[in-house]
Amino acid sequence: MQKLKREIEDLIASNAADFKIAKLIKKDLEEYYKTLPDTFAQSGGKDFLVKHTRKIDTSIKLIYRIATREMFHEYFPTKNSIPLTITALGSYGREQLSPKSDIDIMLVYKDIAAYNIKELIEKIYYLLLDSGLKLGHRVHEVSELQEVAKSDITIKTALLESRFLEGSKFLWFETENELNKIRAFEPKKFILEKIQERRELRKKYPLMMEPNLKEGVGGFRDANLVYWIGKVLFNAPSIKTLPHSVVNEKDYIEFRIALEFLFKVRSALHLTQKSKTDQLRLDYIPDVAALLGYKNSSSAHMQFAKKVNKSLRIVWLYARIWINALASPYVPIYKNYLKPKGEFKDKKEALEFLIKHGNSEFHSHPLLNQYLLHIKNSSGVDFQHLIPAIFKQPHAHSILTALSEVNGLGEYIQPLKKVEALPQFDGYHRFPVDTHLIACLKALENIEDPYLQEIYDALSPEHQMILKLATLLHDAGKGRLSDHHPIGAKLFKAYTQKIGLSPEDIELGSKLVLYHNRLSQTAQKEDIYSPLIVAQFTALFPSKLELDMLLLLTYADTTGVGSNIYNEFTARLFKGLHKNALDFLDNREFL
């Protein structure tokens, strides 16, 4: 940097054109960007982002110095006397600048004629552009900041993240006074609009196999929302400094570890793709994982993707709890969400509460998330006998979603422990295994096909319960080296013996798990009107009950993958094979 400064001094002394000076800075930045992968290898996470931010700070400060030198020559006034302040905004303001992120700055000024300040701003702006910085900028007179913030919530949000970068400290103090007024203006309106904005983006970017690390569920925007609300209500400089009644140290550490990993992933994503991208596509995983030190193997890639998904879930969980704790005294956020009256003494009491409310569909209030998360001690407490009751409820999926939201699904339903947040690199599934399984169960409890609903209603309550259990556990065997079908069937048998099912029900359910893909594969790959094919298929399922339950499981499994997977075409195939198999059982002609 010292060499660069000397070269720039020589150019200024020789009255060189600005573009020549900017060219030197651009060259320095290009060389710097080439070193980023090595720097990242030594210090990933927030530390890397801070170092990167500091380098950009240095470059912008240098450009400010060049511009003021050229404007004032040897009659250079003190910085504080020049009515111009440069502030960093957005991720740059938060010192979370990723390698390919936009560098957002704001130039705040007072239009004092003697300083010809607008010409100075123009000179700084063009030097910044010619230096190759990927810039997002705003220019405002200090007196107009409040009105600008009122005009657009995005602008207000950006201003809340302002960080002094260079220029007049006197003007920065005035700017801070204006920012405090902006912060205090209509906080309820701001909080509600930001929460609604996040809800819309979470719908657009759900937690899928290819997550959006910035805008999606559990992404940086969820962490930012906690910060923004804390800033508006308490002027807190960071999430860590929020009141202890909102953010305790233990929860913050878990949240911070997850966020730190996501910072690393996003930086590695920018570095490997050489572009500003926030969606971790499946084909990006090998390069990103390699930069983060993972081996080049499918199992390593799976472990990496699983950790990404788990980290997003952790960020979303704590963000949801903290947003509620911060905002609920001021604005109603979670109306009509299921909320317990107090903490649970153990897991048994928690399950009893959830089962009691499983007769209707519900969404968990953040307080329910918090109380489930903070169950203190359940050692020695037996709750296994309650498990069948979950699946006797018409909305078991709501109960399991509540457990999944606190990353506790495997603690209550042990066969699912290994598949929590487990990715599926098969080009077919869009969601991790556990998310898919709950979606399948929800589809079964909300059948949209009248013909299938009639079949489901005809099942006895006991067989409906078995079908729900088989639906939830049909992919429990994934994540192993061997075929997941027989492993899943073994897991089902062992688990259902533990929770007290009858031998007949265990045999029926494990058979459904073992052959859960058979109807779909046969219908889509074979001739369903061939007597041989139908005979072979029916040999595995020699009763109407088994055929009916398998058809329903196939519907749930297909619908749980995503919308329009179960469609008119697949429905005709599945129902056709089902009908032909029933006809075969009745010894009727089905050709």
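Points to keep in mind about this one:
- Screening the range 63-78 for residues that are under 47 Å from the mean Cα position of the chain (by Cα) and of a type in the set (A, V, I, L, M) and picking the one that is surrounded by the most Cβ atoms within 10 Å (Cβ to Cβ) gives Ile63.
- Test: Ala22 is closer than 16 Å to Lys134 by Cα and at pLDDT below 90: yes
- When Lys392, Lys418, Lys339 are screened for being touching a helix residue (DSSP H, G or I) at 6+ places or on another chain (Cβ under 6 Å), charged (D, E, K, R) and closer than 30 Å to Ser520 by Cα, only Lys392 passes.
- Checklist (1) closer than 29 Å to Pro423 by Cα; (2) surrounded by fewer than 18 Cβ atoms within 10 Å (Cβ to Cβ) applied to Glu352, failing item: (1)
- Filter result for Ser275 (closer than 25 Å to Ala402 by Cβ, of a type outside the set (Val, Ile, Thr) and surrounded by fewer than 18 Cβ atoms within 10 Å (Cβ to Cβ)): no
- Verdict on Gln146 being exposed (fewer than 14 other Cβ atoms within 10 Å of the Cβ) and either in the same structural domain as Asp102 (by TED's automatic domain parsing) or free of Cβ contacts under 8 Å to residues at least 24 places away in the same chain (or both): no
- Per the conditions (1) at pLDDT below 95; (2) under 25 Å from Leu49 (Cβ atoms), the sole criterion not satisfied by Lys79 is (2).
- Residue match in the range 205-214 (condition: without any contact (Cβ under 8 Å) to a residue 40 or more places away in the chain, surrounded by fewer than 23 Cβ atoms within 10 Å (Cβ to Cβ) and over 18 Å from Arg320 (Cα atoms)): no
- The residues of the range 383-412 that are hydrophobic (A, V, I, L, M, F, W, C) and touching a residue at least 60 places away in the same chain (Cβ under 8 Å), listed by number, are Ile387, Phe391, Ala396, Leu400, Ala402, Val406.
- Unique residue being out of contact with any strand residue (DSSP E or B) (no Cβ under 8 Å at 6 or more places or on another chain), part of a helix (DSSP H, G or I) and buried (at least 17 other Cβ atoms within 10 Å of the Cβ) when the list is Ile60, Ile25, Ile56: Ile25
- Selection of the range 494-511 for residues being surrounded by 19 or more Cβ atoms within 10 Å (Cβ to Cβ) and either among the polar types (S, T, N, Q) or at pLDDT below 95 (or both) yields Thr496, Ser510.
- Residue ID - nearest to the chain's Cα centre (by Cα), chosen from residues in the range 112-137 that are under 15 Å from Gly167 (Cβ atoms) and without any contact (Cβ under 8 Å) to a residue 40 or more places away in the chain: His137
- Here Glu122 meets each of (1) within 30 Å of Leu192 (Cα to Cα); (2) surrounded by fewer than 17 Cβ atoms within 10 Å (Cβ to Cβ); (3) out of contact with any strand residue (DSSP E or B) (no Cβ under 6 Å at 6 or more places or on another chain); (4) modelled with pLDDT of 95 or more with one exception, condition (1).
- Looking across the range 1-22 at every residue that is charged (D, E, K, R) and under 15 Å from Arg65 (Cα atoms), the one that is surrounded by the most Cβ atoms within 10 Å (Cβ to Cβ) is identified as Asp18.
The values are calculated or read from the model by the stated rules, or taken from the named source; none is laboratory data. Please read all numbers here as calculations on a predicted model, not as lab measurements. Note that we place each Cβ from the backbone using ideal geometry, even for glycine, and neighbour counts take in every protein chain shown.
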